[in-house]
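The values are calculated or read from the model by the stated rules, or taken from the named source; none is laboratory data. As the structure is a computational prediction, the values presented were derived from the model and not from experiment. Virtual Cβ from ideal backbone geometry, glycine too; neighbours counted across all protein chains shown. Accessible surface areas use protein heavy atoms only, side chains included; no ligands, DNA or RNA. Shrake-Rupley method; radii C 1.70, N 1.55, O 1.52, S 1.80 Å.
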Amino acid sequence: MKHKTHHHITLPIPSNGADYTTDSGNSSTSPRSRRRPSRGPRRFRSGKSLNKRFLWGFRTSSWRRHYWVVLVLALLYVVGFVGFMGMCSSVFLGPPAPGSVYRSPQLFFNLWPFIQRDTSPAIQLSSVWSHSRMMRNERHCANITNNRVNGSDAPNGYLIVEANGGLNQQRTSVCQFGDIYDEDHFIETLKDYVTVVKELPTDLMERYNNNIGNVPNVKVRAWAPASFYLQDVHPILLENGVIRIAPFANRLANSIPPDIQFVRCLANYQALTLSAPISTLAQKIISRMIQKSSETSGKYVAVHLRFEEDMVAFSCCIYGGGWMEKFEMDYARRKGWKDKFTQRGRIINPGLNRMNGRCPLTPLEVGMMLRGMGFRNNTSIYVASGTIYNAKRNMVPLLQMFPLVQTKEYLATQQELSFFKDYSSRLAALDYAVCLLSEVFVTTQGGNFPHFLMGHRRFLYGHAKTIKPDKRKLALILHNASLSWEAFKEQMTMMLAESDREGTMLPKFKKASKQPSIFEHPSQECRCVKELAN
C-alpha cells in the first residue's frame, strides 16, 4: 500500500438529519420542432417519414419533459432487482456466515439504552494492567557498551543513507531528517559509536562532480544480515570512498550481533528525538490533553483510528453504506491503485476479510469495545488519525459514548498547526508524541505506527500498556445483534485480559535464527541503553 497523506479530523455535531440529500430541479420543456420541408412524392413519405416524425416528436416532448420519471422508474427497478436478488440469495444460499456482515450499528442501537443506564464501577486507568514485567537483562552490558570507536580517527569511508517513506520508515532506517528529528542530538548521542556528518568532504564530492546522484548506489536486499554488509558492501565502500544505499527501509535483519543491536537500540530509543518545533507543540498538546482529563486524574486513552477513506478502500470491506459507499470506494481504489483491484483473476471477498479480522474498526466499534471493557463516558480520549471516512455518520456514535474526544486540531490553534500543514510526517510525529505518554494506547488496524509505539512504550514502562483486540473474535461478537449488554461486557472483559497477557510475552518463532523486531519488542541490548543513560 502506498504512502498515505495525513490529514486532520473534523468532528461533527450530532444531528438528526439524513446522511445524504439530493436536489431535483424542474426540467425545461423544449419548443416543438419544426416540420422538415417535403422531399419527394407523398407516397414515398407516408410510412417511414411518418415514423420519423413520430419518434422525433416523442423525443422532443415526452422524453425531454419526463426524462426524470424514466430515471426514477429505472432506479426503482434496479433497487427492486437488487433487493429481490438479495432475498433470493438468502433463501437459496442460507444466512451469512457469522462475522461476515457489518452489524455493529444494529447491536449498538439495541444496547444503547443499557449502556446509558449502566452504573457499574468504572475501570481505573492506572490499574488496567494488573502487573508489569520489566525486560530481563541476560547479557553483560559492559561487554557491549565498551565497544566504542576512537573519535580522533578519520573515517575510512562514508555511507549515504536515503530513507524512503515518512516517520516510521525513518526509524527503521536508523537515519534522520531535520524537519522531524533533532539532528544535533542524534549526532552527539552516537558520536562514541558511529561518526555522523552533515556534509561530505569537499575533495570527495569533487570526485563525483559535486553531485550525490553520481555516487555509486549499492542495492541491498530486504532484511540483509550483518555479514552481507561486511563481506559485500564494505569492500565497495573502501574502493569508492563513499556509496549510497537507496532505499534503506527494512534493509537490516532483526537478528544481528549484540554490539550492532545495541547501536540500533541507542539510535532508535535515545538518539532519535523530535525537532524543536515538533517537540514544543507536542508538549503543549500533551499538557492541554492532561488538563482536559481532570476527571481521570490527568490520565487519558489514545486511540490510533485507521478509518480513513484510503484504508477502508484498500481493505475491500463493506460497512453498510449501500450504493453510495460502493461508488466512493470503487472511485478511491481506481484513484489510488488504478486497476490493481480489477485485474482478471482477483477475487474480493468482503465477508471473508471481516471474518479474518482484516477490516479496520469503525469509530462505533471502538467506542462499544471500550465501554464494554469498563471505560466510562467521562474518559478523555485522544484520537490519532487522518480524515475519517464519512465522519458525519461514523463519528457521531463515538461522541455519544465518549463526549470528551480530542484531536490535535482541537487542542492546537490553526496558527500553531500552520507549520505542519500539508506535512504528513510532522502531523504523524505530533500524534506519536501524544500517544506515547497516554495511560492506555488502543490500536485498531496494525501497521508500523502502532508497532513502534508499543515497542517504545515497552522500552519506557516495561509493559506495552496497549489494547490490541482480537478482531476475529470481535467480528463474531458484533455480528450477533441480539446479544445482551451483560454478555457483551463479559466478552470485552475477557478480551482486555487477553490483551494484557499478550502484552507481557515475547512472540515465538519456529526458527531459532529469527528474533522479534526491536521496534515492537525491545531486545535485551535495548536494556543496556537504559543502563548507559542512568
Practice problem: Identify all residues within segment 485-504 that are touching a residue at least 24 places away in the same chain (Cβ under 8 Å), surrounded by fewer than 20 Cβ atoms within 10 Å (Cβ to Cβ) and over 30 Å from Gly462 (Cα atoms); write none if there are none. | Solution: Trp485
Quiz prompt | segment 141-163, residues that are at pLDDT below 70 and in contact with a helix residue (DSSP H, G or I) (Cβ under 9 Å, 6 or more places away or on another chain) | solution = Ala163
Exercise. Tell me which of these Leu230 doesn't satisfy, since it passes every other one: (1) open to solvent by 50 Å² or more (accessible area, probe 1.4 Å); (2) over 24 Å from Asn143 (Cα atoms); (3) hydrophobic (A, V, I, L, M, F, W, C).
Key: (2)
Self-check item: Selection within segment 201-224 - basic (Lys, Arg) and under 34 Å from the mean Cα position of the chain (by Cα)
Solution: Lys219, Arg221
Quiz item: How do the pairs read when you match residues in segment 467-483 that are closer than 11 Å to Arg354 by Cα and open to solvent by 60 Å² or more (accessible area, probe 1.4 Å) with residues anywhere that are of a type outside the set (Gly, Ala, Ser) and part of a loop (DSSP other than H, G, I, E, B), using Cβ under 6 Å and keeping only pairs 6 or more apart or on different chains?
Solution: Leu476/Pro98
Quiz item: Which of the residues spanning segment 318-339 are assigned to a helix (DSSP H, G or I) and of a type in the set (A, V, I, L, M)?
Solution: Met324, Met329, Ala332
Self-check item: Scope segment 187-212; condition touching a Lys or Arg at 6+ places or on another chain (Cβ under 6 Å) and open to solvent by 100 Å² or more (accessible area, probe 1.4 Å); matching residues
Solution: none
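Do the conditions hold for Ile260, that is, is it in a helix (DSSP H, G or I), over 27 Å from Cys141 (Cα atoms) and open to solvent by 30 Å² or more (accessible area, probe 1.4 Å)?
When the stated conditions are applied, Ile260 does not pass them.
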Practice problem: Could you tell me whether any residue of segment 213-222 is touching a helix residue (DSSP H, G or I) at 6+ places or on another chain (Cβ under 9 Å), modelled with pLDDT under 90 and open to solvent by 60 Å² or more (accessible area, probe 1.4 Å)? | Solution: no
Exercise. Pull up segment 508-534, narrow it to residues that are at pLDDT 80 or above and among the charged types (D, E, K, R), then point me to the one that is farthest from the chain's Cα centre (by Cα).
Key: Glu531
Quiz item: Out of curiosity, is Gly320 modelled with pLDDT under 95 and surrounded by fewer than 24 Cβ atoms within 10 Å (Cβ to Cβ)?
Solution: yes
Quiz item: Can you tell which of Val233, Val220, Val196 is of a type in the set (Val, Ile, Thr), in a loop (DSSP other than H, G, I, E, B) and without any contact (Cβ under 8 Å) to a residue 24 or more places away in the chain?
Solution: Val196
Exercise. Give the residue that is least open to solvent (accessible area, probe 1.4 Å), with candidates limited to residues of segment 376-422 that are over 18 Å from Trp112 (Cα atoms) and of a type in the set (D, E, K, R).
Key: Lys408
Self-check item: Filter result (among the basic types (Lys, Arg) and touching a helix residue (DSSP H, G or I) at 6+ places or on another chain (Cβ under 6 Å)) within segment 176-212
Solution: none
Quiz item: How about segment 471-507: which of its residues are of a type in the set (D, E, K, R) and at pLDDT below 95?
Solution: Glu498, Asp500, Arg501, Glu502
Exercise. Name every residue in segment 269-328 that is in contact with a Lys or Arg (Cβ under 7 Å, 6 or more places away or on another chain) and hydroxyl-bearing (Ser, Thr, Tyr), in order of residue number.
Key: Ser293, Ser315
Exercise. Tally the residues that are in a loop (DSSP other than H, G, I, E, B), at pLDDT below 95 and farther than 16 Å from Gly372 by Cβ, restricting the search to segment 102-128.
Key: 1
Quiz item: Being surrounded by fewer than 16 Cβ atoms within 10 Å (Cβ to Cβ), in contact with a Cys (Cβ under 8 Å, 6 or more places away or on another chain) and in contact (Cβ under 8 Å) with a residue 24 or more places away in the chain, is that true of even one residue in segment 327-348?
Solution: yes
Practice problem: With respect to Ala282, determine if the residue is in contact (Cβ under 8 Å) with a residue 60 or more places away in the chain, open to solvent by less than 70 Å² (accessible area, probe 1.4 Å) and in a helix (DSSP H, G or I). | Solution: yes
Self-check item: Selection within segment 402-421 - over 19 Å from Arg306 (Cβ atoms) and assigned to a helix (DSSP H, G or I)
Solution: Tyr410, Leu411, Gln414, Gln415, Glu416, Leu417, Ser418, Phe419, Phe420
Practice problem: Among the residues of segment 202-217, write down those that are at negative phi, free of Cβ contacts under 8 Å to residues at least 24 places away in the same chain and either outside any helix (DSSP H, G or I) or among the polar types (S, T, N, Q) (or both). | Solution: Thr202, Asn211, Asn214
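Go over the candidates His456, His451 one by one and state the one that is part of a helix (DSSP H, G or I), open to solvent by 50 Å² or more (accessible area, probe 1.4 Å) and either more than 18 Å from Glu498 (Cα to Cα) or not aliphatic (A, V, I, L, M) (or both).
Answer to the selection: His451.
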